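Notes for the one structure printed next.
Each reported figure results from applying straightforward, stated rules to the coordinates on display, with no laboratory input. Worth saying up front: this structure is predicted, and the values here are computed from it rather than measured. Glycine gets a Cβ as well: all are built from the backbone with ideal geometry, and neighbour counts include every protein chain shown.
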Amino acid sequence: VSTGGGQFASGSKVKDMALGAIVLAEAAHRLAEKYNIMIALHTDHCHPDKVDAFLRPLIAETEKRRKEGKSNLFNSHMFDGSELPLDQNLKLSKELLELCARNEIILEVETGVVGGEEDGHDTSNVGKEKLYTTPEDMLAVYEVLKPVGGRIMLAATFGNVHGVYKPGNVKLKPTILKNGQKAITDKYGASAALDLVFHGGSGSDLSDIHETLEYGVIKMNVDTDTQYAFTKPIVDHMFKNYDGVLKIEGEVGNKKLYDPRTYLKSAEEGMSKRVMQAWDDLKSSGKSMLSGLVSA
C-alpha cells in the first residue's frame with residue numbers, strides 16, 4: 001500500500017493515507033483466513049514529509065493490535081529517505097527501525113534514488129550519479145542500523161526507474177549490489193549480507209532480474225506492469241462492447257456489460273497472470289514459507 005493508495009482508499013474527499021491503508025489491511029486480514037497461501041502486507045515509499053501522517057500511525061496501530069493479542073497490521077514498512085543526505089536518512093531510519101523492531105515489523109530503507117515518477121513523487125530530473133548506490137552507502141546502512149536489532153531490507157539503487165521505458169533507455173548495473181555486499185561481508189563476514197530490494201522491476205530484462213537474485217535480492221517491485229495488466233482487459237472490454245456499456249442513440253445499453261464487476265473480474269485475472277509471471281521470473285514458483293501449503 002502506497003501513501004497515494006491509502007489516500008485513494010479513504011475516499012477522494014477524506015484523503016487520509018493512514019486510514020485508507022488500515023482499511024485495506026484489515027480487509028486483507030479477513031480475506032486471508034479463507035486462502036491457503038502466505039500473505040504479507042507491506043507499505044511502499046514513504047518520504048520524510050509523510051512519516052508522521054503515514055508510518056507512525058500505522059506502526060502505532062500494530063502496537064495497539066499486539067496489546068490486544070492480534071497479529072501485526074502490516075508485516076513491513078518502507079521509509080524512503082533517499083532525498084535526504086545519507087546521515088540524515090540513516091538517523092531517521094534508525095529511529096523508525098527502533099519502533100519497528102519493538103513490534104516485529106521489517107523496515108525497508110533506501111539509499112540512492114529510484115528514477116522516474118510514482119505516486120506523484122517525480123525524480124526524473126535527478127543526476128544520474130544518484131541512481132547508483134555506492135559500496136560505502138551500503139556499508140553505512142549496515143553499521144548504523146544493524147546494531148538496532150530487528151530486520152531490515154535495503155533498496156539499494158543500481159540504475160532503477162519507476163515505470164517502463166523502451167529497451168536501451170534504462171542502464172541497470174546489478175554488479176553494484178555485488179560490490180556493496182562484498183564491502184559488508186569483507187568487513188563483517190558472510191552472514192552480514194543484507195536482504196536487498198529491486199525497485200522498478202517492470203520491463204526489466206530477465207537476465208538482470210536473475211543476476212540480482214545472486215546478490216541478495218529477496219523482493220522486487222513490479223507496480224507498473226501489474227497496473228497495465230489490470231487495465232488492459234478493461235480497455236479490451238470497453239472497445240469490444242462499446243454499444244453495450246454506453247446508452248447510444250436512445251438505447252438502454254446492456255447492464256451486464258456496464259456492471260463494473262464484469263470487467264473488474266477480467267482485470268483481476270489479467271493482473272493475476274502478470275503476478276504469476278513475476279513468480280517465474282523470480283524463481284519462486286512452487287515455493288512457500290507457509291508449511292503445509294496445498295498446491296492449486
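Working note: Karplus 6.51/-1.76/1.60 with θ = phi - 60° gives the stretch 222-228 the couplings 10, 4, 5, 5, 6, 4, 5 Hz, where Gly and Pro are set to x.
Helix 260-281 axis versus longest C-alpha principal axis of the chain: approximately 30°, rounded to the nearest ten.
Need one number: % antiparallel among DSSP beta bridges in the chain, to the nearest 5. So the antiparallel bridges in the chain amount to around 15 percent.
The HN-Hα couplings worked out from phi for the stretch 56-70 by the Karplus form 6.51 cos²θ - 1.76 cosθ + 1.60 (θ = phi - 60°) are 4, x, 6, 5, 4, 5, 5, 4, 5, 4, 5, 5, 8, x, 9 Hz, whole numbers, x standing for Gly and Pro.
Taking amide H as placed 1.01 Å from N in the peptide plane, the amide H of ALA155 sits under 5 Å from that of VAL109, GLU110, THR111, VAL197, each at least 5 places away or on another chain.
Which aspartates and glutamates, on any chain, are close to LYS67 with Cα under 19 Å apart, when same-chain ones fewer than 8 places away are left out? Reachable aspartates and glutamates: GLU26, GLU98, GLU104.
Computed from phi, the 3J(HN,Hα) profile of the stretch 232-245 under the Karplus parametrisation 6.51, -1.76, 1.60 (θ = phi - 60°) reads 4, x, 5, 4, 4, 4, 5, 5, 6, 10, 3, 7, x, 7 Hz, with x in place of Gly and Pro. Of all aspartates and glutamates in the structure, the ones whose alpha carbon falls short of 16 Å from that of LYS15, not counting any fewer than 8 places away in one chain, are ASP49, ASP52, ASP119.
Taking amide H as placed 1.01 Å from N in the peptide plane, THR43 has its amide H under 5 Å from the amide H of SER76, HIS77, MET78, each at least 5 places away in sequence or on another chain.
What value, in deg cm²/dmol to 500, does the helix sum -39500 (n - 2.57) over DSSP H runs of n ≥ 4 give at 222 nm once divided by the residues of the chain?
Values: 11 runs with 135 residues, N = 296.
Result for the chain: -14000 deg cm²/dmol, rounded to the nearest 500.
Compute the helix-to-body angle for 86-102: its Cα long axis versus the longest principal axis of the chain, expressed 0 to 90° and rounded to tens. Taking Cα atoms only, the helix is inclined about 70 degrees. Other residues lying with their Cβ under 9 Å from the Cβ of ARG151 contribute a combined charge of -2, Lys and Arg counting +1, Asp and Glu -1.
For the residue pairs LYS178/LYS283; LYS50/LYS91; LYS219/LYS287; LYS187/LYS287; LYS173/LYS232, the C-alpha atoms sit more than 21 angstrom apart in LYS187/LYS287; LYS173/LYS232.
Computed from the Cα positions only, the extents of the stretch 196-252 along the three principal axes stand at 62, 17, 11 Å, in decreasing order.
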